[in-house]
Amino acid sequence: MPRFSVIVPAYKVQAYLHESLASVLEQSFTDLEVIAVDDCSPDACGEIIDEFAARDARVRAVHLDENVGLGRARNAGLRHATGDYVLFLDSDDSLTPGALQAIADRIKETGSPDVLLYDYARTYWDGREVRNEYARLLTEEGSAPFQLADRPDLLRVLMVVWNKAYSREFIEREGFSFPPGYYEDTPWTYPVLMAAESLATLDRTCVHYRQRRQGNILGTTSRKHFDIFDQYERVFDFLDQHPDLDELWRPVMFRRMVDHLSTIFTKRGRLPRRSRAEFLRKSRAHYARYRVAGARVPRRTRLRHALVRLGSHRTYRALWLALRLKTRASRYAATARRTLKAAALQLHYRIQLRLPVRQNEAVFTSYWGRGHGCNPGALEEAFREHAPRVRTSWIATPEHHHTVPTGTRRLTPGTAAYWTALARSKYLVNNVNFDRRLVKRPDQVFIQTQHGTPLKKMGLDLQDHPAAARDTDFAQLLRNVDKWDYVLSSNRHSTLTWERVFPASYTTLEYGYPRNDRLWKASSDEVARIRRMIGIPEGAVAILYAPTHRDYRITQRLTLDLERMLRTLGPRFVILTRAHHAYAEPLSAATGGRLIDVSDHPSVESLCLASDALVTDYSSLMFDYACLDRPIVVHADDWEAYEAARGTYFDLRSFPPGAVARSEDELIDIFATGHWRGSRSAQLRAAFRERFCTYDDGRAGERVVRHVVLGEPAPAAGAATGVPRQGTDATTPSSLPTM
């Protein structure tokens, strides 16, 4: 008896079926059976299923003599299921790596509940991936298992069959099966959740829910959408047969039904045009038949409920037309307001440009309005310490204002105060570029801090790499560069690169990067505090995994199975995952425990201090991390593709900061054998630091302020063989024994 029976019904999905079945059979958890049901598909689905069954004994091929539809095809699979738990997977969807292991672990942890609910992400044909908007409801906090009455908000999660694992004993005891027709999930999912004596949740994306460009059955125009009425009749029949559930759940099911009916009606393209009035009349009948006296209707859905209750197509059309006119008028008014506001702000800016520059004001920002950090953040702190007479301001979008120090003025992009600061501040500091409409005045000083040592091609060098350059306007780029007065550089390699790819008359300050000052100044107590705050267990080895952006990919596809890596390395290791700022999604669907997502942590310097080693591919973070003299491992599994798309200034594999892995297995082996912190890795790191960390000594910010603001000679720089003071503490990685 396997642990899991995964039922995959297939009909006209030959383009996706292979990926779907492979996503199950290639799971790290292997105690499973796959029941692939060919629903008399006219394409090659049956042949694909037979091919998988011939190769893998865990696959059972079931061929139906006639097309019976999705629900009955699932029933056919259920009749063959022998696993402890049953999972359903639509044949154009796929399981995420490590999903079954996570499901098995959570089932064991929560005492084998009747049903386990897990999360999903929508994957679009254009490469986008969006996690379920109600993912927060699947939190694992609180007692488990529980009943639906304890967490009724779970009904807001998409009510489908494939985001749950079901105890087969529970399903057979209750006699659940799927009805024919569209919306067959409805009379299965609601009764299952209401009847379950024990539920649990798994806060992890386990399914990639494919959003097909065309071919989605529920998105087609058909009278089969009328099946929804029969499906809700089955839900209320279930409640009639279970009086103990009826009083609590009938009002909820009534509201859900009305919302569902109105959604189908308002979704354009679902109902044939001539059937819409009939659908509304039938909706009105169902409303009257199942209405619960005194049922509370949320304010936001009262209009939709009223439309269903009235059931008048003419009323709906009149309201719809009125709302459409109102929306259009509001849109025009909003556009006019924005246009007038923009014109007023530019007039304000032009006036401010005629007023004197304020000699004791400086404005800072980084990464297009993100929070206080990177080189501008460190330099802003140096301004306050070494030139306190200069008033500092930080430009950030409102959601990042909390990161700005209390003594620093907060500015929101696009406001009058923002344009005033750009027009009249003596010092302008950024690690990218300000608004292209910025007029650089002769009395102003623009400090371009940059945000990394260049491994990948930059600036004008991207002209030969269109995949990376995309729509870069190189003429505008040079106009922006002409506004720079100073450019910071952390090493001679950077200096030579910046002056060639950003040609202009600025002065290069080869002083080191201010953001790395903290790596030298942090105490062992601060490191311990950061580790506790992140949730790193005492005595654990924390690996910071921070890959870079891929220009040749639309999405950030994680090539590493981090859960497998942790299982192999054992309980001593913890992985901190840091997604590149260009991506909105975390690197791994599974977070929590020993896999901690730190993508939203405001300070990458804190993450460097908290970690014992860095794993990256081609991120410039490696050049900063090398200052700590801690182990670095390069995962270069796609170097040729990356180099071809982006271009690089040197072959990292020939001059790495530590061990180099060319595959996932090699990476795991480097840590399992201790090579990551061995003598050869230390030698490579020393050579790397000598070349790229020459000026990092904890005083880069001070040097910039003394030279640019105070007009004093900058303190001498140079610490190629130095080690940050906190690195000698017994709790930090530099004290780990070599192997």
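Against the condition in a loop (DSSP other than H, G, I, E, B) and either among the aromatic types (F, W, Y) or loosely packed, with under 14 Cβ neighbours inside 10 Å (or both), how does P442 come out, does it pass? Break it down into steps so the answer makes sense when it comes.
On the way: in a loop (DSSP other than H, G, I, E, B): yes; either among the aromatic types (F, W, Y) or loosely packed, with under 14 Cβ neighbours inside 10 Å (or both): yes.
Yes, satisfied.
For the stretch 345-374, residues that are among the aliphatic types (A, V, I, L, M), under 36 Å from the mean Cα position of the chain (by Cα) and in the same structural domain as R389 (by TED's automatic domain parsing) total 2. In the stretch 408-424, of all residues being within 16 Å of A344 (Cα to Cα) and of a type in the set (S, T, N, Q), the one that is surrounded by the fewest Cβ atoms within 10 Å (Cβ to Cβ) corresponds to T415.
In the stretch 685-712, of all residues being surrounded by fewer than 20 Cβ atoms within 10 Å (Cβ to Cβ) and over 30 Å from Q359 (Cβ atoms), the one that is modelled with the lowest pLDDT corresponds to T694.
Residue-level check: of (1) surrounded by fewer than 21 Cβ atoms within 10 Å (Cβ to Cβ); (2) modelled with pLDDT of 95 or more; (3) within 26 Å of E605 (Cα to Cα), T403 misses just (2). In this structure, is A165 in contact (Cβ under 8 Å) with a residue 60 or more places away in the chain, of a type in the set (A, V, I, L, M) and part of a strand (DSSP E or B)? Criteria met by A165.
Of all residues in the stretch 473-497 being under 21 Å from S619 (Cα atoms) and not aliphatic (A, V, I, L, M), which is surrounded by the fewest Cβ atoms within 10 Å (Cβ to Cβ)?
Looking at residues that are under 21 Å from S619 (Cα atoms) and not aliphatic (A, V, I, L, M), I get R492.
Of the listed requirements (1) out of contact with any strand residue (DSSP E or B) (no Cβ under 6 Å at 6 or more places or on another chain); (2) among the small types (G, A, S); (3) modelled with pLDDT under 95, A144 misses just one: (1).
If you check V37, V115, V24 for being among the aliphatic types (A, V, I, L, M) and farther than 19 Å from R204 by Cβ, only one passes: V37. If only residues of the stretch 11-44 that are among the small types (G, A, S) and more than 30 Å from the chain's Cα centre (by Cα) are counted, the one that is surrounded by the most Cβ atoms within 10 Å (Cβ to Cβ) is A36.
Test A121 against the stated conditions and say whether it is in contact with a strand residue (DSSP E or B) (Cβ under 9 Å, 6 or more places away or on another chain), assigned by TED's automatic domain parsing to the domain that holds L17, more than 19 Å from P2 (Cβ to Cβ) and in a strand (DSSP E or B). Considered against the rule, which asks whether it is in contact with a strand residue (DSSP E or B) (Cβ under 9 Å, 6 or more places away or on another chain), assigned by TED's automatic domain parsing to the domain that holds L17, more than 19 Å from P2 (Cβ to Cβ) and in a strand (DSSP E or B), A121 comes out as yes.
Only residues that are more than 13 Å from W162 (Cα to Cα) and either hydroxyl-bearing (S, T, Y) or in a strand (DSSP E or B) (or both) were counted in the stretch 184-204, giving 8.
Among the helices (runs of 4 or more DSSP H) confined wholly to the stretch 3-118, which include 3 or more residues that are in contact with a Ser or Thr (Cβ under 9 Å, 6 or more places away or on another chain) and at negative phi?
On the way: elements: 14-25, 45-55, 70-80, 99-109.
In the stretch 3-118, 14-25, 70-80, 99-109 are the helices (runs of 4 or more DSSP H) which contain 3 or more residues that are in contact with a Ser or Thr (Cβ under 9 Å, 6 or more places away or on another chain) and at negative phi.
Taking the stretch 190-205 as the range and being farther than 13 Å from D114 by Cα and over 27 Å from the mean Cα position of the chain (by Cα) as the test, only Y190 passes. Residues in the stretch 626-641 that are touching a residue at least 60 places away in the same chain (Cβ under 8 Å) and part of a helix (DSSP H, G or I): A626, C627, L628, A641. Taken as a whole, the stretch 690-708 holds at least one residue that is in contact with a Lys or Arg (Cβ under 6 Å, 6 or more places away or on another chain) and of a type in the set (G, A, S).
Any idea which residue in the stretch 382-398 is surrounded by the fewest Cβ atoms within 10 Å (Cβ to Cβ), counting only those that are in contact with a Ser or Thr (Cβ under 9 Å, 6 or more places away or on another chain) and farther than 20 Å from P413 by Cα? Looking at residues that are in contact with a Ser or Thr (Cβ under 9 Å, 6 or more places away or on another chain) and farther than 20 Å from P413 by Cα, I get R384.
Conditions (1) assigned by TED's automatic domain parsing to the domain that holds L100; (2) closer than 22 Å to L32 by Cβ; (3) in contact with a strand residue (DSSP E or B) (Cβ under 9 Å, 6 or more places away or on another chain); (4) crowded, with 23+ Cβ neighbours inside 10 Å, marked per residue:
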residue: Y166; (1), (2), (3), (4): yes, yes, yes, yes
residue: I171; (1), (2), (3), (4): yes, yes, yes, no
residue: F176; (1), (2), (3), (4): yes, yes, yes, no
residue: P180; (1), (2), (3), (4): yes, no, no, no
residue: W188; (1), (2), (3), (4): yes, yes, no, yes
residue: L193; (1), (2), (3), (4): yes, no, yes, no
residue: T201; (1), (2), (3), (4): yes, yes, yes, yes
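Counting the residues of the stretch 357-370 that are more than 18 Å from A416 (Cβ to Cβ) and surrounded by fewer than 21 Cβ atoms within 10 Å (Cβ to Cβ) gives 5. Among residues of the stretch 456-468 being crowded, with 19+ Cβ neighbours inside 10 Å and of a type in the set (A, V, I, L, M), the one that is farthest from S494 (Cα to Cα) is A468.
Here are A61, A81, A76, A54: which of them is surrounded by fewer than 17 Cβ atoms within 10 Å (Cβ to Cβ), over 30 Å from E129 (Cα atoms), modelled with pLDDT of 95 or more and more than 30 Å from the chain's Cα centre (by Cα)? Steps first, please.
Details: A61 fails: surrounded by fewer than 17 Cβ atoms within 10 Å (Cβ to Cβ); A81 fails: surrounded by fewer than 17 Cβ atoms within 10 Å (Cβ to Cβ); A76 fails: surrounded by fewer than 17 Cβ atoms within 10 Å (Cβ to Cβ).
Of A61, A81, A76, A54, the one residue that is surrounded by fewer than 17 Cβ atoms within 10 Å (Cβ to Cβ), over 30 Å from E129 (Cα atoms), modelled with pLDDT of 95 or more and more than 30 Å from the chain's Cα centre (by Cα) is A54.
The single condition among (1) free of Cβ contacts under 8 Å to residues at least 12 places away in the same chain; (2) under 24 Å from the mean Cα position of the chain (by Cα) that L95 does not satisfy is (1). Taken over the stretch 151-162, the criterion of being in contact (Cβ under 8 Å) with a residue 24 or more places away in the chain and not β-branched (V, I, T) is satisfied by R151, P152, L154, L155, L158, M159, W162.
The values are calculated or read from the model by the stated rules, or taken from the named source; none is laboratory data. Note that this is a predicted model, so its numbers are computed, not measured. Here the Cβ is made from the backbone with ideal geometry for all residues, glycine too, and neighbour counts use every protein chain on show.
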